[in-house]
């Protein structure tokens, strides 16, 4: 069993697109018990979600605490599934019982979703442990295997998670947790995960500056595409430089993935450039005299139009296996009692979630559809069999331990 402390959302370090908030639309996630919600979710998810043959799976990061809020976390899965999402990246699994992990993974599978388990402890690849050791940070797994070594604890954890029917993969490391000089340790870490579980995706997060340095890790890179701007960019004609840079990052990421014979994956923006007073002061839009709530209203969230364009740029200039959004808590709202950061509630949360849902479910761009059809046709001509796909899967898309 795992033993990370519960992860709270990481503080964004990139400037974020200032978006226009949508008009209030009620989502009504409902207060039904998760077990009763599953049937209706399956129907609506099947109707809304893109066919896997026509586009990549889409997913989202969440930080719901399975150790104390399992039923709430399952209800959040139902909301994701209704929106057409197929993958959830979940951190904070270190103190969660095997029973709760199994229940969550099973419920995700019943909705047609998969779970990517976030590991992200630098001690695994040569950095400082979040706590004091693998056995301390993942004490329940250490207890289950009766071991204290790094490899022993990792093997026990991956051995358990790989056997859960709802497992999609592992978010092994976030870009902000990796420092220069740790490349060899990261490769060994990824290699060990793959040795124990060769059938599920292993992902490492990558900012624009880190993509090439992490490309030899052996993992699929989750390339972060966050336009660095403090202005409105929905009008592409007046923001050509910003969108040209986005296209360049996507193209370079796909080229690198192809060169290293890996699938490509992207992490797109569903967050404000801050979620607390300190962030707001750091980027110059808030002052120390403001209340948290006053500051929060200045930390704007990208519009649905911008999110749709980000998704379409990825589809037009690459052929990803997975698109992830960071994050559920910054869009739909937080579960739990985090008082340091602020999260949307009420009408604001409804508007954000409705906007992201519209972007997720929008038709694929014509260019991406044509390119994918051409790729599929070429694949069928050159291969006599189907390749088995990976079952898989924070800005520090992480959860702090």
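Which members of the range 271-290 meet the condition of being over 24 Å from the mean Cα position of the chain (by Cα), over 10 Å from residue 342 (Cβ atoms) and buried (at least 20 other Cβ atoms within 10 Å of the Cβ)?
Across the range 271-290, the qualifying residue is only 286.
Scan (1) crowded, with 16+ Cβ neighbours inside 10 Å; (2) over 27 Å from residue 190 (Cα atoms) for the single condition residue 241 breaks and write down its number.
Looking at each condition in turn, residue 241 falls short on (1).
Sort out which residues of the range 112-165 are surrounded by fewer than 23 Cβ atoms within 10 Å (Cβ to Cβ), touching a strand residue (DSSP E or B) at 6+ places or on another chain (Cβ under 9 Å) and under 15 Å from residue 93 (Cα atoms), and write them in order of number.
162, 164
Can you spot a residue in the range 181-194 that is part of a loop (DSSP other than H, G, I, E, B), at pLDDT below 95 and over 23 Å from residue 77 (Cβ atoms)?
Yes, because at least one residue in the range 181-194 is part of a loop (DSSP other than H, G, I, E, B), at pLDDT below 95 and over 23 Å from residue 77 (Cβ atoms).
Restricting attention to the range 287-306, does a residue exist that is in contact with a strand residue (DSSP E or B) (Cβ under 7 Å, 6 or more places away or on another chain) and either part of a loop (DSSP other than H, G, I, E, B) or modelled with pLDDT of 80 or more (or both)?
yes
The values are calculated or read from the model by the stated rules, or taken from the named source; none is laboratory data. On a predicted model such as this, the values are computed, not experimentally measured, just so you know. Glycine also receives a Cβ, built like all others from the backbone with ideal geometry; neighbour counts cover every protein chain displayed.
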